[in-house]
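Inspection log for the structure reproduced underneath, given as structure tokens.
The values are calculated or read from the model by the stated rules, or taken from the named source; none is laboratory data. Model, not experiment: these values are computed from the prediction. Here the Cβ positions follow ideal geometry from the backbone for every residue, glycine too, while neighbour counts run over all protein chains shown. Quick note on the areas: whole protein, heavy atoms, side chains included, nothing else; ligands and nucleic acids left out. Shrake-Rupley method; radii C 1.70, N 1.55, O 1.52, S 1.80 Å.
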Amino acid sequence: MNMLTKGRPTKQEENLIMPDQTGTQTDTGNRALMVDEPLIFERGSADRSGIDLPEAPAVENRLGGLDRSTDIGLPGLSEAETVRHYTRLSRQNYAIDVGLFPLGSCTMKHNPRLNEKMARLKGFADIHPLQPMESVQGALQTIYELADWLKKLTGMPAVAMSPKAGAHGELCGILAIRSALEARGDAREVILVPESAHGTNPATAAFAGYKVEDIPANDAGRVDLEALKARLGPDVAGVMITNPNTCGLFEPDMKAISDAVHEAGGLVYCDGANFNAIVGRVRPGDLGVDAMHINLHKTFSTPHGGGGPGSGPVVFSEALAPYAPLPFVEINEEGHYFLVEEETAEDHHESSFGRMVAFHGQMGMFTRALTYMLSHGADGLKQVSEDAVLNANYILRQLEDILDAPFAHSGPCMHEALFSDKGFSNELSTLDLAKGMIDEGYHPMTMYFPLVVHGAMLVEPTETESKAAIDEFIGAFRSVAKRAKAGDEALKTAPHHAPRRRLDETLAARKPILVWKEPEEFAEAAE
């Protein structure tokens with residue numbers, strides 16, 4: 001029994017009892033050139049090794065009786081077996097180099113290889129955060145110039161570069177808001193979060209000690225402005241709003257929202273994760289935003305996920321700039337770059353709430369993002385957002401005849417197209433369609449988010465996909481959608497051609513098994 005399937009048959013076992021679509025059976029579990037790869041513990045053996053080592057010399061035991069008394073239990077393989085194992089596993093991994101990522105709200109754009117080349121330059125890749133500042137002038141200049149770009153693109157006067165990711169940036173902005181309110185002796189307790197905001201927004205506000213209250217969406221998928229105004233009062237510290245929101249829509253009342261919150265004494269935090277849809281077209285500072293984080297991986301093409309550490313700079317309005325976290329990179333009259341690492345009355349740092357991190361540790365992210373900006377220029381970045389919006393609207397209009405698009409009536413979408421499961425056979429769900437997309441060779445779109453739409457399917461093609469690639473995706477999506485509406489029972493057991501069949505994802509998340517056990521040990525543990 002394979003520990004990863006948690007009691008379900010292994011791929012070899014299920015292929016022995018379940019015919020493929022041609023009606024034939026396979027004995028190995030392999031599908032053409034896609035080899036069913038067992039765990040390295042199943043493939044290797046602890047009693048053999050791929051290399052010959054000399055006998056260890058006798059040395060005095062200085063472990064105080066703590067030396068190992070049993071075998072370590074690691075699998076032994078030859079070099080060829082080891083290389084093949086990891087190569088085969090890599091072929092089972094879906095990546096942007098393999099195909100389109102339709103994940104909505106995630107902006108899985110292509111990372112140009114030019115950016116990677118620049119980040120690997122010795123002056124960036126090999127520096128240490130404790131080096132003398134005179135020895136890292138180029139790195140500090142990179143951070144300074146990137147910060148300048150971010151301020152100009154957002155229309156904001158200050159930016160904190162140290163936050164490590166989007167949620168970290170959210171916390172940075174909320175802490176600055178708290179500091180500003182406390183400085184004026186105004187201890188407010190509530191943050192308002194619209195239903196169409198990112199899920200991390202209420203979590204961040206709660207983590208910072210605020211009570212969180214929802215603001216409903218209207219029929220057009222935007223913030224209900226009148227409901228927001230009705231809730232504003234002396235206890236409201238501010239609003240956390242995502243714009244464009246998670247329905248893939250721009251908030252046309254954003255300026256009115258900001259004005260109302262400011263009039264009530266609050267401050268405005270904007271989740272900038274979707275800045276890719278408006279960069280070069282709209283400056284959040286012009287909309288009354290006081291703080292906004294920017295996901296460099298979503299908008300400026302730094303690695304998403306495993307390429308860490310991440311980076312989520314936060315831009316600030318004049319009202320919040322004095323409270324932004326340290327350190328800042330600045331330049332003196334002699335052209336020397338330096339870090340402002342403690343509060344100073346100069347340049348609005350006198351009221352900083354402190355630090356978010358010990359060091360600027362994401363030098364590679366900064367280098368990649370600045371490379372992306374310089375290679376595109378201001379006009380090119382504007383085209384990026386325009387192409388992203390164009391691609392999303394193309395998908396929306398090509399699929400709205402077969403899939404329910406709940407907000408298509410309210411006009412064009414922004415960077416992502418939103419669909420629902422309305423019209424599916426009663427026996428089939430969004431999850432079944434998503435699993436069917438795997439058989440078509442695509443990573444599934446974002447499912448069941450945003451929560452304001454039942455059975456939501458959120459698709460974001462980004463600007464880096466060609467029309468030909470998008471047309472191929474649309475063809476696959478239409479095919480599976482037709483099957484879902486017709487009640488094709490085969491979708492209930494999809495995927496059929498993936499390395500593994502459908503697993504119990506809930507059980508795998510709640511009770512993960514992270515250590516290897518021999519089959520008999522696993523059976524005993526399961527009992």
Where nothing but the Cβ of Lys and Arg (+1) and of Asp and Glu (-1) is charged, how large is the charge dipole of the chain around its Cα centre, in debye to the nearest 20? 900 debye
Each label sits 7 Å from Cα toward the beta-carbon; between residue 409 and residue 509 the label points are separated, in nm, by 3.2 nm
To the nearest 20 Debye, how big is the dipole of the stretch 380-507 about its Cα centre, given +1 on the beta carbon of each Lys and Arg and -1 on that of each Asp and Glu? 220 debye
Cβ-Cβ cut-off under 13 Å around residue 285, Lys and Arg +1, Asp and Glu -1: the net charge is +1
What lysines does residue 492 reach when the alpha-carbon gap must be under 28 Å and sequence neighbours fewer than 8 apart in one chain are set aside? 6, 11, 422, 435, 482, 511
Answer label, with Cα extents along the principal axes in Å calculated from the coordinates and candidates [x] 99, 74, 43; [y] 73, 70, 45; [z] 74, 52, 39: [y]
Debye log10 I(q)/I(0) at q = 0.15, 0.17 Å⁻¹ for the stretch 131-370, Cα point scatterers: -0.97, -1.24
Net charge near residue 186 (other residues with Cβ under 11 Å of its Cβ; Lys, Arg +1; Asp, Glu -1) is 0
May I ask for log10 I(q)/I(0) of the stretch 201-302 at q = 0.10, 0.19 Å⁻¹, from a Debye sum over the Cα atoms as equal point scatterers with solvent left out? -0.27, -0.98
Interchain or long-range residues, amide H under 5 Å from residue 326's placed H: 354, 355, 356
Can you tell me the length gained on complete extension of the stretch residue 397 to residue 358, counting 0.36 nm per residue apart and subtracting the Cα distance? 9.2 nm
With every protein chain in place, the stretch 131-370: carbon and sulfur % of accessible area (1.4 Å): 51 percent
Mean-position separation - Cα centroids, the stretch 98-148 and the stretch 247-282, in angstrom: 28 Å
Under the 0.36 nm per residue contour assumption, what length would be gained going from the current alpha-carbon distance of residue 220 and residue 471 to full extension? 87.6 nm
As an exercise, use a Förster radius of 41 Å and the Cβ-Cβ distance of residue 387 and residue 517 to find the FRET efficiency, rounded to the nearest 0.05. 0.25
Hey, if you put +1 on the Cβ of every Lys and Arg and -1 on every Asp and Glu Cβ in the chain, which of 449, 230, 167 ends up farthest toward the positive end of that dipole? 449
Solvent-accessible area of residue 121, probe 1.4 Å, all protein chains present, reported in Å² to the nearest ten, please. 80 Å²
Charge tally for neighbours of residue 454 with beta carbon under 10 Å away, counting Lys, Arg as +1 and Asp, Glu as -1, is -1
Which percent of Cα-Cα pairs in the stretch 380-507 sits in each 5 Å bin, short to long? 2, 11, 20, 23, 20, 13, 7, 3, 1, 0
Placing +1 on each Lys and Arg Cβ and -1 on each Asp and Glu Cβ in the stretch 74-176, then taking the dipole about the Cα centre, the residue among 124, 85, 176 whose Cα reaches farthest towards the positive end is 85
Pop out the ³J(HN,Hα) list for the stretch 154-169 in order, Karplus 6.51 cos²θ - 1.76 cosθ + 1.60 with θ = phi - 60°, rounded to Hz; leave Gly and Pro as x. 9, x, 10, x, 9, 8, 9, 9, 7, x, 8, 6, x, 5, 5, x
Which whole-number value in Å² is the accessible area per residue of the chain, probe 1.4 Å? 48 Å²
Compute the FRET efficiency between residue 332 and residue 93 as 1/(1 + (r/R0)^6), taking r as their Cβ-Cβ distance and R0 = 60 Å, and round to the nearest 0.05. 0.80
The alpha-carbon center of the stretch 452-512 and that of the stretch 357-407 are separated, in whole Å, by 22 Å
Set the Förster radius R0 to 56 Å, insert the Cβ-Cβ distance between residue 52 and residue 229 as r into 1/(1 + (r/R0)^6), and round the FRET efficiency to 0.05. 0.15
